[in-house]
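The structure appears right after this line, and notes come after that.
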Amino acid sequence: MSLMNLFRRSSAGSATAARDRLQILLAHERASINGADFLPQLQREILEVIRKYVQVDDQRVQVKLDSDKNLSVLEVNIELPAVTDRRAAR
Amino acid sequence: MAKVIVVTSGKGGVGKTTTSAAFATGLALRGYKTVVIDFDVGLRNVDLIMGCERRVVFDFINVINGDAKLHQALIKDKRVENLSILATSQTRDKDALTEDGVRRVIGELGPMFDYIVCDSPAGIERGAHLAMYFADEAIVVANAEVSSVRDADRMIGLLTSKSRKAEQGKPMPQHLLLTRYDAERVERGEMLKVEDVQEILAVPLLGIIPECPSVLQASNIGQPVVMDEKSPAGKAYRESIGRLLGEETEISIPRAGKRGLFGRLLRRTA
């Protein structure tokens, strides 16, 4: 009996693991696939505008779209160079 | 005007062609004039599953290219009245299938039939895109397995954004068909449950086709499994076709035999 339970529990985990992995993965993929069309372009344009005023590196701008059932959040993260660094560079 | 139904999945080997053949044959058996079109250019198989592989003279691509008339390429099934097959070409030319060509052929088939079943190739390339583009409804075939569910999810996304109906801002009705369902493995917790797949994909369930030796037997002899009166898979297909036509029958989730060989033998004689 206990051996049976042990066997059941170990295999019961795998279908549950499949479900959990899929739920996380698909939530992520749906958001990225739906947003993939315009996000890179948006990122480039934001970068161009910022560059008019401040020198920033390509890698320092991150654009992320998170979608929930009734809410989408566009997160733009721009890392400006430190003020002291700029003075040092001059 | 015919209703165009695409059978698609993203992933290969889940049972698209078996399903296309079953639905086309089942619809014809109910009296609807039906044609099944093979969109898997280069790897045609609908002809084989339908048992008409030796009768293919002209195909879908010949018609698209204007090398043959549609009536020359349409193969009438010898067993089932109202059923025709439009086989595809074995060409390796990826560009053989064109959007204009497909539109023309579907437009010409429209007044001749009640249902046009489009058997999609695996993947999301041109063949798969064109198989679903002109569809009025979609059957998304999936197995209770991670890669199949993920690919089905991707297909559902494409159907809702890249099909003609979607581009026109119209809803694209979709149905989920769970195939190769192994009740024993589900009960052992090795395979995703119906509820799990349904919850993840969020598309109405059309039916559950049990994993069944009769499917291989049917393809061996080139007779769609839906014609097999004794097969559990055939029965599940017939019920699913009924639901597609609007019948409100309860979807029975296949159950494993009680326990062991004895249980199963007893069940069979009961």
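The values are calculated or read from the model by the stated rules, or taken from the named source; none is laboratory data. Here the structure is a predicted model, which is why all the values come from computation and not from measurement. Neighbour counts run over all protein chains shown; Cβ positions are idealised from the backbone, glycine included.
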(request) For segment B:163-172, state whether one or more residues are touching a Ser or Thr at 6+ places or on another chain (Cβ under 8 Å), away from every other protein chain (no Cβ under 14 Å) and within 30 Å of residue B:79 (Cα to Cα). (result) no
(message) Looking only at residues that are surrounded by fewer than 24 Cβ atoms within 10 Å (Cβ to Cβ) and of a type outside the set (Phe, Trp, Tyr) in segment B:20-34, which one is farthest from residue B:81 (Cα to Cα)?
(response) B:30
(message) I need the helices (runs of 4 or more DSSP H) fully contained in segment B:70-140, keeping only those with at least 3 residues that are within 20 Å of residue B:3 (Cα to Cα).
(response) B:99-109, B:126-133
(message) What's the number of the only condition in (1) farther than 28 Å from residue B:50 by Cα; (2) away from chain A (no Cβ under 14 Å) that residue B:189 fails to meet?
(response) (2)
(message) Residues that are of a type in the set (A, V, I, L, M) and either at positive phi or surrounded by fewer than 18 Cβ atoms within 10 Å (Cβ to Cβ) (or both): does segment B:129-141 have at least one?
(response) no
(message) On the basis of being among the β-branched types (Val, Ile, Thr) and closer than 20 Å to residue B:1 by Cβ, does residue B:64 make the cut?
(response) no
(request) Please work out which residue is surrounded by the most Cβ atoms within 10 Å (Cβ to Cβ), limiting yourself to segment B:192-214 and to residues that are more than 8 Å from every other protein chain (Cβ to nearest Cβ) and in a helix (DSSP H, G or I). (result) B:197
(message) Looking at (1) in contact (Cβ under 8 Å) with a residue 40 or more places away in the chain; (2) over 27 Å from residue B:124 (Cα atoms); (3) assigned to a helix (DSSP H, G or I), which one does residue B:185 not meet, given that it meets all the others?
(response) (1)
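Here is a yes/no grid of residues against (1) within 27 Å of residue A:19 (Cα to Cα); (2) of a type outside the set (Ser, Thr, Tyr); (3) touching a helix residue (DSSP H, G or I) at 6+ places or on another chain (Cβ under 8 Å):
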position	(1), (2), (3)
B:140	yes, yes, yes
B:153	yes, yes, yes
B:173	yes, yes, no
B:181	yes, no, yes
B:196	yes, yes, yes
(message) If residue B:219 satisfies all but one of (1) under 24 Å from residue A:20 (Cβ atoms); (2) surrounded by fewer than 20 Cβ atoms within 10 Å (Cβ to Cβ), what's the number of the condition it fails?
(response) (1)
(message) From the list B:96, B:24, B:2, exactly one residue is small (Gly, Ala, Ser) and more than 19 Å from the chain's Cα centre (by Cα). Which is it?
(response) B:96
(request) Please indicate, with yes or no, whether at least one residue in segment B:142-161 is buried (at least 24 other Cβ atoms within 10 Å of the Cβ), farther than 30 Å from residue B:63 by Cα, touching a strand residue (DSSP E or B) at 6+ places or on another chain (Cβ under 9 Å) and β-branched (Val, Ile, Thr). (result) yes
(message) Within segment B:95-110, does at least one residue satisfy the condition of being farther than 26 Å from residue B:167 by Cβ and either loosely packed, with under 15 Cβ neighbours inside 10 Å or acidic (Asp, Glu) (or both)?
(response) no
(request) Answer yes if at least one residue in segment B:114-125 is modelled with pLDDT under 95 and either within 12 Å of chain A (Cβ to nearest Cβ) or over 30 Å from residue B:216 (Cβ atoms) (or both), and no otherwise. (result) yes
